[in-house]
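Shown next, in structure tokens, is the structure this report addresses.
The values are calculated or read from the model by the stated rules, or taken from the named source; none is laboratory data. Keep in mind it's a predicted model, so treat the numbers as computed, not measured. Neighbour counts are summed over all protein chains in view; Cβ atoms, including those assigned to glycine, are modelled from backbone coordinates with ideal geometry. Heads up: the accessible areas ignore ligands, DNA and RNA and are worked out on the full protein's heavy atoms, side chains in. Shrake-Rupley method; radii C 1.70, N 1.55, O 1.52, S 1.80 Å.
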Amino acid sequence: MSYIGRFAPSPTGPLHFGSLLTAVASYCDAKANHGKWLVRIEDTDIPRIYPNSEMHILSCIDAFQFEPDSEIIFQKDRLDIYEQVLEQLKQAQLIYACQCTRKMLGSNHIYVGTCRDLNLDFEQQAIRLKVSDQQICFDDRLQGQQCSNLKYDLGDFVLKRRDGIISYQLAVVVDDYLQKITHVVRGADLLDNTVRQIWLGSLLDYPKLSYMHLPLAMNGQGQKLSKQNLAQALDINKAPELLSAAILALGQSMVELDQPRIMLQQAIQQWDVERIPKGIYLNDIYQ
Ligand code: GLU
């Protein structure tokens, strides 16, 4: 089986224990399948970039001794590529400009296609991708079959914001394709983005990917461990201890404390997806 996996953090805050779980699971799954593992920094959303978090991500990759199989790429250097794909979608009449503001849309989470047939100029407007009335399903390796009809669950969705920012959906699909990614391992908070990405990928004729969405780590208060809940930044001086805790939280057999590289080698040898628990609850130390 050919396998190219990736870890694709956004520098919207420092990496936390939940990010480490994703890094470890995507790394071990790739390496246990004799695959490659790539790192991509998803920094298109400039206003949300958190000072120094890009540095923190890179120091963590180093300190935890992950070994990416090719140079780390940064999405902010690739904006021309996303624009080219938008142009391709425009030629195929799969996207359109939308002038609806957040205020106009109000609390309605399903976009009803108000601007679809208005033929607005693309300058200074949000760009939406047309969706169709069809059930799209995929089999997640951990979460089972997932289905959605984008027309009724979401509506035409944004690929480029009015402020010019390329959306995560567009950048992730294009880069997974260009980096020849075959397997996506990431947190279950991204599960409901997947059908959008499958839809966009199918319109562009990109190959299908395999998906595995990890259960989210919860803190003692039952909240998802996230940057919004101020999860603690990973302490690069405690790499072996944190790595050991991450491997255990993923339900894997214990590895002895050692240099991170050696611990990861051992975790790869023992890697067993079947052992990943349905829920991950952490004690106070790792919140
Ligand atoms: N950049 C996304 C995040 O940090 C993850 C993207 C992905 O794995 O598809 O939440």
### Query
Quick one: if you take sqrt(5λ) for each eigenvalue of the C-alpha gyration tensor of the range 1-141, what semi-axes come out, biggest first, whole angstrom?
35, 20, 16
#### Entry: the range 130-287, dipole about Cα centre (Lys/Arg Cβ +1, Asp/Glu Cβ -1), debye to the nearest 20
380 debye
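Take the Cα atoms of the chain, build their convex hull, and give its volume per residue in Å³. Each step should come with its number before you reach the end.
Values: hull volume 38.6 nm³, N = 287.
Hull volume normalised by residue count: 135 Å³.
Using per-residue counts of other Cβ atoms within 10 Å, averaged over each peptide, order 30-43, 121-134, 69-82 from highest down.
On the way: 30-43: 19.4, 121-134: 15.9, 69-82: 14.2.
For the peptides 30-43, 121-134, 69-82, the packing ranking is 30-43, 121-134, 69-82.
Please report, in debye to the nearest 20, how large the charge dipole of the range 32-123 is about its Cα centre when each Lys and Arg carries +1 at its beta carbon and each Asp and Glu carries -1 there.
So the dipole magnitude of the range 32-123 works out to roughly 500 debye.
Give a quick list of trypsin sites (Lys or Arg not before Pro) in the range 200-286 that DSSP marks as loop, anything other than H, G, I, E or B, with at most 12 other Cβ atoms within 10 Å. Can you show the working numbers first?
Details: sites: 208, 224, 227, 238, 261, 275, 278; in loops: 208, 227, 278.
Listed in order of number, the matching sites are 208, 278.
Under the 0.36 nm per residue contour assumption, what length would be gained going from the current alpha-carbon distance of residue 58 and residue 137 to full extension? Each step should come with its number before you reach the end.
Details: separation 79, 0.36 × 79 = 28.44 nm, distance 3.50 nm.
Stretched fully, the residue 58-residue 137 segment lengthens by 24.9 nm.
For the chain, what proportion of DSSP beta bridges, expressed in % and rounded to the nearest 5, is antiparallel? Don't jump to the answer; show the numbers that get you there.
Working: 15 of 30 bridges.
Taking every DSSP beta bridge with both residues in the chain, the antiparallel ones total about 50 percent.
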### Message
Please compute the length gained on full extension between residue 152 and residue 261, using 0.36 nm multiplied by the number of residues separating them and subtracting their Cα-Cα distance.
### Response
34.6 nm
### Task
Summarise the accessible area of the range 145-284 (1.4 Å probe, protein heavy atoms) by the percent that is carbon and sulfur.
50 percent
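Name the shape class, rounded, prolate or oblate, that the alpha-carbon gyration tensor gives for the range 167-253, where a ≥ b ≥ c are the square roots of its eigenvalues, rounded holds for a/c under 1.5, and otherwise prolate holds if a/b is larger than b/c and oblate otherwise. Could you put the intermediate results ahead of the total?
On the way: a/c = 2.35, a/b = 1.95, b/c = 1.21.
In terms of gyration-tensor shape, prolate.
What share of the DSSP beta bridges in the range 132-287 is antiparallel, in percent to the nearest 5?
On the way: 8 of 16 bridges.
The antiparallel proportion sits near 50 percent.
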### Query
Just going by the charge dipole of the range 153-197, with Lys and Arg at +1 and Asp and Glu at -1 on Cβ, which of 172, 155, 195 is farthest out on the positive end?
172
### Task
Counting only heavy atoms of the protein chains, get the accessible area per residue of the range 1-115 (1.4 Å probe) and round it to a whole Å² value.
49 Å²
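Probe radius 1.4 Å, ligands and nucleic acids ignored: give me the carbon and sulfur share of the accessible area of the range 1-92 as a rounded percent. Provide the component values of the computation, followed by the final result.
Numbers: 2040 of 3990 Å².
Its accessible area is 51 percent carbon and sulfur atoms.
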### Task
Treat the range 58-124 as a sphere of radius equal to its Kirkwood radius over Cα pairs and apply Stokes-Einstein at 20 °C in a medium of 1.002 mPa s; give the translational diffusion coefficient in µm²/s, rounded to a whole number.
135 µm²/s
